[in-house]
Amino acid sequence: MQIAQGAEAILYEDKEGIVKERPVKEYRIKEIDDRLRKQRTKREVKVLQTLQKAGVAVPKLITHDDYKITLENIKGEKLRDVIAPDHAKEFGNLVGLCHAAGVVHGDLTTSNVMVTDKLVLIDFGLSFFSEHEEHRAVDLHVLHQALQSKHHEQCEEIMEGVLKGYKQTLPDANIVLDRLATVAQRGRYKKKG
């Protein structure tokens, strides 16, 4: 049963779990399409394996091949539907653990977190490996923008809690937070110009 379709992948449920498959893109040259699909799948698998090893709450990787990943089916609600300030610190802990493991999520939103007995980070299709404070700061800035857009009434309270949790799990968090201030200023400057 198909669950969702994004620009790069189709998600569906089967007896093993949730399958994320990168189908053929007819508009691409076949060799390029094959290479892109393989690279993106391989990177996502490596990200998931790295995060699991680091103890980050992510779906368990069950199987994978060149174009398909099967993941544990996380039963719960999306954080976007039930968000409250008491989720913020745990969310920040998760992001800090990801960054400490050298992974930048790339799409930090409340739609990419499942709420079970704990928060579980999902959807690593845009994730990549980096320890640069700029990349980490942009990850947090994207989250702040998503909160402003989707949860504007609670945005600042939630972001404050996220940053508290983030500092608990990332040793060099202050360097990233200094860069976050610079990234946010750049964003404001662009809007004015």
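The values are calculated or read from the model by the stated rules, or taken from the named source; none is laboratory data. Quick caveat: nothing in here was measured; it's all calculated off a predicted structure. Note that each Cβ is placed from the backbone with ideal geometry, even for glycine, and that neighbours are counted across all protein chains shown. Note: accessible area is taken over every heavy atom of the protein model, side chains too, but ligands, DNA and RNA are not part of it. Shrake-Rupley method; radii C 1.70, N 1.55, O 1.52, S 1.80 Å.
Out of (1) under 20 Å from Leu170 (Cβ atoms); (2) polar (S, T, N, Q); (3) surrounded by fewer than 20 Cβ atoms within 10 Å (Cβ to Cβ); (4) in contact with a strand residue (DSSP E or B) (Cβ under 8 Å, 6 or more places away or on another chain), what's the single condition that is false for Ser111?
Failed condition: (1).
For every residue, the table says whether it meets (1) out of contact with any strand residue (DSSP E or B) (no Cβ under 6 Å at 6 or more places or on another chain); (2) assigned to a helix (DSSP H, G or I); (3) under 28 Å from Gln168 (Cβ atoms); (4) charged (D, E, K, R).
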position: Leu11; (1), (2), (3), (4): no, no, no, no
position: Glu16; (1), (2), (3), (4): no, no, no, yes
position: Lys25; (1), (2), (3), (4): yes, no, no, yes
position: Glu31; (1), (2), (3), (4): yes, yes, no, yes
position: Arg37; (1), (2), (3), (4): yes, yes, no, yes
position: Gln49; (1), (2), (3), (4): yes, yes, yes, no
position: Gln52; (1), (2), (3), (4): yes, yes, yes, no
position: Thr70; (1), (2), (3), (4): no, no, no, no
position: Ile74; (1), (2), (3), (4): no, no, yes, no
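State the number of residues belonging to segment 66-85 that are free of Cβ contacts under 8 Å to residues at least 60 places away in the same chain and touching a helix residue (DSSP H, G or I) at 6+ places or on another chain (Cβ under 8 Å).
Number of matching residues: 7.
Has segment 9-17 got at least one residue that is under 27 Å from His144 (Cα atoms), open to solvent by less than 60 Å² (accessible area, probe 1.4 Å) and in contact (Cβ under 8 Å) with a residue 40 or more places away in the chain?
So far as segment 9-17 goes, yes, one or more of its residues are under 27 Å from His144 (Cα atoms), open to solvent by less than 60 Å² (accessible area, probe 1.4 Å) and in contact (Cβ under 8 Å) with a residue 40 or more places away in the chain.
Table: residues versus (1) outside any strand (DSSP E or B); (2) touching a Ser or Thr at 6+ places or on another chain (Cβ under 8 Å); (3) open to solvent by less than 10 Å² (accessible area, probe 1.4 Å).
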site	(1), (2), (3)
Gly92	yes, yes, yes
Asp117	yes, no, no
Val120	no, no, yes
Leu126	yes, no, no
Ala137	yes, yes, yes
Leu147	yes, yes, yes
Glu153	yes, no, no
Ala181	yes, no, no
Ala184	yes, no, no
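Here are Arg22, Arg40: which of them is open to solvent by 20 Å² or more (accessible area, probe 1.4 Å), touching a Lys or Arg at 6+ places or on another chain (Cβ under 7 Å), of a type in the set (Lys, Arg) and touching a residue at least 40 places away in the same chain (Cβ under 8 Å)?
Only one candidate passes the filter, namely Arg40.
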